[in-house]
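Single-structure report; data block below.
The values are calculated or read from the model by the stated rules, or taken from the named source; none is laboratory data. What you see is a predicted model; the values in this text were computed from it and never measured. Cβ placement follows ideal geometry from the backbone for every residue including glycine, while neighbour counts extend to all protein chains displayed. Quick note on the areas: whole protein, heavy atoms, side chains included, nothing else; ligands and nucleic acids left out. Shrake-Rupley method; radii C 1.70, N 1.55, O 1.52, S 1.80 Å.
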Amino acid sequence: MGDEMSTGETTVPKGVRVFSGMQPSGEAHLGNYLGALRQWVSLQDEHECFFCIVDQHAIMGNVAPDELPERVLDLAVSFLAVGLDPERSTIFVQSDVPEHTELAWLFNAVTPVGNLERMTQYKDKSAELESIPSGLLNYPILQAADILLYRAGAVPVGEDQLQHLELTREIARRWNARYGEFFPEPEAIRGGAGRILGLDGKAKMSKSLGNTVGILAEPDEVWDRVRTAVTDPQRIRRDDPGRPEVCNVFSLHRHFTDPDRIPDIAGQCRAATRGCVDCKRILADSIADHFEEARERAAELRASPDLLREILDQGARRARTEARATLKEVRERMGIRGRGRG
Ligand code: TRP
């Protein structure tokens, strides 16, 4: 796991429009926060940002229809709780803006199947399936449409999405070559925390693996989760010396615990003067403190569902204004009538 910002911050010129999306897996967890949300919050200071909850991507997983709406709203609460600001940024749900899927269809015309088949994520996911939905293959086309619909110039993404972004650029190039220069080729913004391991200390933190800590968990739930975290496997007894450099709990300390305390935490681990349980206790407290304000904001939002709905509706209206303008131009250049649409 990378240290804070160690993956090398990309500097994007001020004013370039930023787009990013996240799958609605419910309340955000520490991996979502360190890998994406924390960076999205600061991007708002210098950029016009669009942040989208991509529910139409999520149907390629096996999410139950009666769970999806709740997951969308829970993620929206997490967005707002950590400080994505609906006054400054456009925060919305993909399916509220039907132009995403229309543009994705039109992009089918310029996307080679061979490029889609080369995507690592597609190869990994399809390998587990007996029958592969074509949406799994076409998934990156919808992602390209998400970004290019707003003609965004920069996209904060983690390592695992770089290939999809490269394909987005390819789609923009091919479309421009055929129908005339219109779409920018969006750049990746790096500088998220990189791969955050789950509590098992092995796999990437991910909801489906059950190795997460929710950012909005109450302090006692945070402790219930953190106490299960795997530490240095060589430290079997309490007086065995530990190796902070291989311990995932220590990596999390670096993100959440006061930096002044870090040398002490590492030293006491190495000297076996502090046991793993106590070390986890400190981590749980740091995490719970870090998100105290977020929990308060989340509670307020949950108490006023009308407000949350209004924020998402307003986001969708703003997004749609942009989306319509793009689609109008795109249809015209492609010779598609689309009468009766906005
Ligand atoms: N595929 C992304 C993921 O799973 C989510 C996503 C959809 C996205 N559309 C996007 C990310 C557009 C960035 C830009 O993480």
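Rundown of residues vs (1) without any contact (Cβ under 8 Å) to a residue 12 or more places away in the chain; (2) β-branched (Val, Ile, Thr); (3) open to solvent by less than 30 Å² (accessible area, probe 1.4 Å), yes/no style:
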position	(1), (2), (3)
Asp220	yes, no, no
Thr228	no, yes, no
Arg237	yes, no, no
Arg243	no, no, no
Phe250	no, no, yes
Cys269	no, no, yes
Asp278	yes, no, no
Ser286	no, no, yes
| query | Does Val330 fit the bill of being open to solvent by 70 Å² or more (accessible area, probe 1.4 Å), part of a helix (DSSP H, G or I) and aliphatic (A, V, I, L, M)? | reply | no
| remark: Subset of segment 209-218, residues open to solvent by 20 Å² or more (accessible area, probe 1.4 Å) and hydrophobic (A, V, I, L, M, F, W, C), comes to Leu209
| field | Which numbered condition Arg38 fails, given (1) away from the ligand (no atom under 12 Å from the Cβ); (2) open to solvent by less than 40 Å² (accessible area, probe 1.4 Å); (3) under 12 Å from the mean Cα position of the chain (by Cα) | value | (2)
| said: Suppose the filter is charged (D, E, K, R), modelled with pLDDT of 95 or more, within 23 Å of the chain's Cα centre (by Cα) and more than 20 Å from Val226 (Cα to Cα); does Arg302 pass it? | reply: yes
| Going through segment 149-178 one residue at a time, which ones are more than 14 Å from the ligand (Cβ to nearest atom) and open to solvent by 50 Å² or more (accessible area, probe 1.4 Å)? | Arg173, Arg174, Ala177, Arg178
| Has segment 184-198 got at least one residue that is farther than 21 Å from Ser25 by Cα and small (Gly, Ala, Ser)? | yes
| field | Answer from Ala104, Ala127, Ala81 - the residue that is away from the ligand (no atom under 15 Å from the Cβ), in contact (Cβ under 8 Å) with a residue 40 or more places away in the chain and not hydroxyl-bearing (Ser, Thr, Tyr) | value | Ala81
| What is the number of the single condition among (1) within 13 Å of the ligand (Cβ to nearest atom); (2) in contact (Cβ under 8 Å) with a residue 40 or more places away in the chain; (3) surrounded by fewer than 19 Cβ atoms within 10 Å (Cβ to Cβ); (4) acidic (Asp, Glu) that Asp146 does not meet? | (3)
| query | Which condition does Ile132 not pass, out of (1) touching a helix residue (DSSP H, G or I) at 6+ places or on another chain (Cβ under 7 Å); (2) touching a residue at least 24 places away in the same chain (Cβ under 8 Å); (3) open to solvent by 10 Å² or more (accessible area, probe 1.4 Å); (4) among the hydrophobic types (A, V, I, L, M, F, W, C), if it passes all the others? | reply | (2)
| query | For the subset of segment 296-312 comprising residues that are charged (D, E, K, R) and farther than 16 Å from Leu75 by Cβ, which member is most open to solvent (accessible area, probe 1.4 Å)? | reply | Glu300
| remark: Among residues of segment 252-265 being open to solvent by 10 Å² or more (accessible area, probe 1.4 Å) and over 26 Å from the mean Cα position of the chain (by Cα), the residue farthest from Gln39 (Cα to Cα) is Asp264
| remark: Among helices (runs of 4 or more DSSP H) completely within segment 85-192, the ones holding 1 or more residues that are more than 18 Å from Val330 (Cβ to Cβ) and among the aromatic types (Phe, Trp, Tyr) are 120-127, 134-148
